[in-house]
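Undergrad: Below is one structure. I have some questions about it.
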Amino acid sequence: MATRRRGQRTQAERTASMRARVLDATVECLVEKGYVGTTTTAVVTRAGVSRGAVLHHFPTKQALVTSAVEYVLDKRNAAFVRRFAPSLPPRRDEGFIDAMVQALWTEVNGPMFYAWLELIVASRTHPELRASVAAIAERWTETTDQGFRQIFGLPREAGRHPHALAPLFTFMTLYGLALEKIARPNAPDVEKRVLRALKTMAPLATMPKLPD
C-alpha cells in the first residue's frame, strides 16, 4: 500500500480545492459582470481551470451560479457563528449587540450581497432559476436561524421569544439598507441613522417573551 508523502494532496483534496476556486470565481464574476456576463468561459479564465472540469461538476450555468452563491453564504454564516458563539453564555451588553449588528452589516454591505441580488433579479423571469433561488433562500434562512439560536442559547421551541424573529427582521432591514445605498449612494446619513436605530431596537430581543 502506497504511503502518502507529506505535502501530497489526495484526489479528493485537489477536487475540493478546484471546486472552491471555481465557486469563488463565479461569485466574483457575478459581482463584476452581473448574471448575464457570468459565463462559463469567464469563470474558467478567472479560476484557472479547464472548461471540462467546470462542466463536469456544473453542467449548466444555473447549477454553477446557484452553487456558488450557496457555497459562499454558508461559508460566511459559519464564520459569523464562530466569531460570536464563544461569547456564550449570552452577552446582552450594548457593546456585544453593536458588534453583532456591525458585523452583519459588513457582510450585507459587500460583494456577496451584489452576487445574491444578481441571482434574485435574474430569477424573476426564469422559472427554473427562481425555484433554485427559493430553495437557497429557505435553507439559508434556516441556517441563519440556527446560528442565532446557537449564539443566544435559545431552544428550538422558543417560537414566541423575540429572537425567533430577530434574524429575519435584522436581515430584512439590512438588505433594505443595502438597496437604498445602491439607489442613493450620496446619502451616508441614511446608513448611520438606520444602523443606530437597529442597534437601539436589538436589545429588545433579550426580553423573556413577547407580550401576549
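Undergrad: Looking at (1) out of contact with any Cys (no Cβ under 9 Å at 6 or more places or on another chain); (2) modelled with pLDDT of 90 or more, find the lone condition where residue 65 falls short.
TA: With (1) out of contact with any Cys (no Cβ under 9 Å at 6 or more places or on another chain); (2) modelled with pLDDT of 90 or more applied to residue 65, the lone miss is (1).
Undergrad: Something else now. Mind telling me which of the residues 153, 159 ends up being modelled with pLDDT under 85, surrounded by fewer than 17 Cβ atoms within 10 Å (Cβ to Cβ), on the phi > 0 side of the Ramachandran plot and not β-branched (Val, Ile, Thr)?
TA: Answer to the check: 153.
Undergrad: Still on this structure, I have one more. Is it fair to say residue 60 is polar (S, T, N, Q) and within 15 Å of the chain's Cα centre (by Cα)?
TA: no
Undergrad: Yes or no: residue 136 buried (at least 19 other Cβ atoms within 10 Å of the Cβ) and modelled with pLDDT under 85?
TA: Considered against the rule, which asks whether it is buried (at least 19 other Cβ atoms within 10 Å of the Cβ) and modelled with pLDDT under 85, residue 136 comes out as no.
Undergrad: Also, quick follow-up: Looking at this structure, is residue 33 free of Cβ contacts under 8 Å to residues at least 12 places away in the same chain, within 15 Å of residue 112 (Cα to Cα) and under 18 Å from the mean Cα position of the chain (by Cα)?
TA: When the stated conditions are applied, residue 33 does not pass them.
The values are calculated or read from the model by the stated rules, or taken from the named source; none is laboratory data. Source: prediction; values computed, not measured. With ideal geometry, Cβ positions are generated from the backbone for all residues, glycine too; neighbour counts draw on all protein chains shown.
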